[in-house]
1. Could you name every one of the helices (runs of 4 or more DSSP H) located completely within the range 49-152 that has at least 3 residues being of a type in the set (A, V, I, L, M, F, W, C) and over 18 Å from P36 (Cβ atoms)?
2. So how many residues does the range 1-18 have that are part of a loop (DSSP other than H, G, I, E, B) and surrounded by 19 or more Cβ atoms within 10 Å (Cβ to Cβ)?
3. Somewhere in the range 21-43, is a residue part of a loop (DSSP other than H, G, I, E, B) and either of a type in the set (D, E) or in contact with a Phe, Trp or Tyr (Cβ under 8 Å, 6 or more places away or on another chain) (or both)?
4. Looking at the range 69-111, which of its residues are surrounded by fewer than 12 Cβ atoms within 10 Å (Cβ to Cβ), under 18 Å from the mean Cα position of the chain (by Cα) and of a type outside the set (G, A, S)?
5. Considering only residues that are in contact with a Gly (Cβ under 6 Å, 6 or more places away or on another chain) and over 12 Å from L151 (Cα atoms), look in the range 1-16 and name the one that is modelled with the highest pLDDT.
6. Taking the residues in the range 30-52 that are at pLDDT below 95 and not aliphatic (A, V, I, L, M) as candidates, determine which candidate is nearest to A65 (Cα to Cα).
7. When G155 is evaluated against the numbered criteria (1) in a helix (DSSP H, G or I); (2) at pLDDT below 90, which criterion, by number, is the only one it fails?
8. Sort out which residues of the range 28-59 are among the acidic types (D, E) and in contact (Cβ under 8 Å) with a residue 40 or more places away in the chain, and write them in order of number.
Amino acid sequence: MNVLVAYATKNGSTRQVADAVAVALRERGAQVTLLPARAVGESVAGYDLVVLGAPLYSGRWHRDAHRFLRRHRRELAAVPVAVFAMGPRTDTEDAWQRSRAQLDRALAKRDWLNPVAVTVFGGADPLGRSRRPRRDLRSWETIHAWAAHALATAGGPAQDRKTAGH
């Protein structure tokens, strides 16, 4: 499968997650192109799967993700799309629910979009911004399992049985 992983990032954490998604997809035999969402100028119609990831900040999904969806709307209507957001940096049920609701609201603005997989991953504090210990709720195992699930859902190689359901 030919997969595009496009991402928006403010401080680099989403880029690291997009890298991990790309690695997981390549491990399953996919040909992967990894690019910042704002740098994707060509048509995405030639891809078998498009993965779009972006952080949530102050209740909003990164504007580069919205611009990507608007710019490629016509082609994306015919290509499976998987979406992830970088969410909470506090590990409470309420924080996770708020982040998922924020992503759901962002996606609801695109009634033409029907993603094959949607998730929120834990976020990470930017480096060097605080004297407090850096919080990082990213789970690399969960990220790899979700990438396998997204690929399988889009018609790629079956995911590992032990990661099913993530």
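1. Per the criteria, 93-108.
2. 2
3. Yes, because at least one residue in the range 21-43 is part of a loop (DSSP other than H, G, I, E, B) and either of a type in the set (D, E) or in contact with a Phe, Trp or Tyr (Cβ under 8 Å, 6 or more places away or on another chain) (or both).
4. Scanning the range 69-111 gives R70, K109.
5. Y7
6. It comes out as G41.
7. So G155 meets the others, but not (1).
8. Matches in the range 28-59: D48 only.
The values are calculated or read from the model by the stated rules, or taken from the named source; none is laboratory data. Quantities reported herein were computed from a predicted structural model and do not represent experimental measurements. Please note: Cβ atoms are built from the backbone with ideal geometry, for glycine as well, and neighbour counts cover all protein chains shown.
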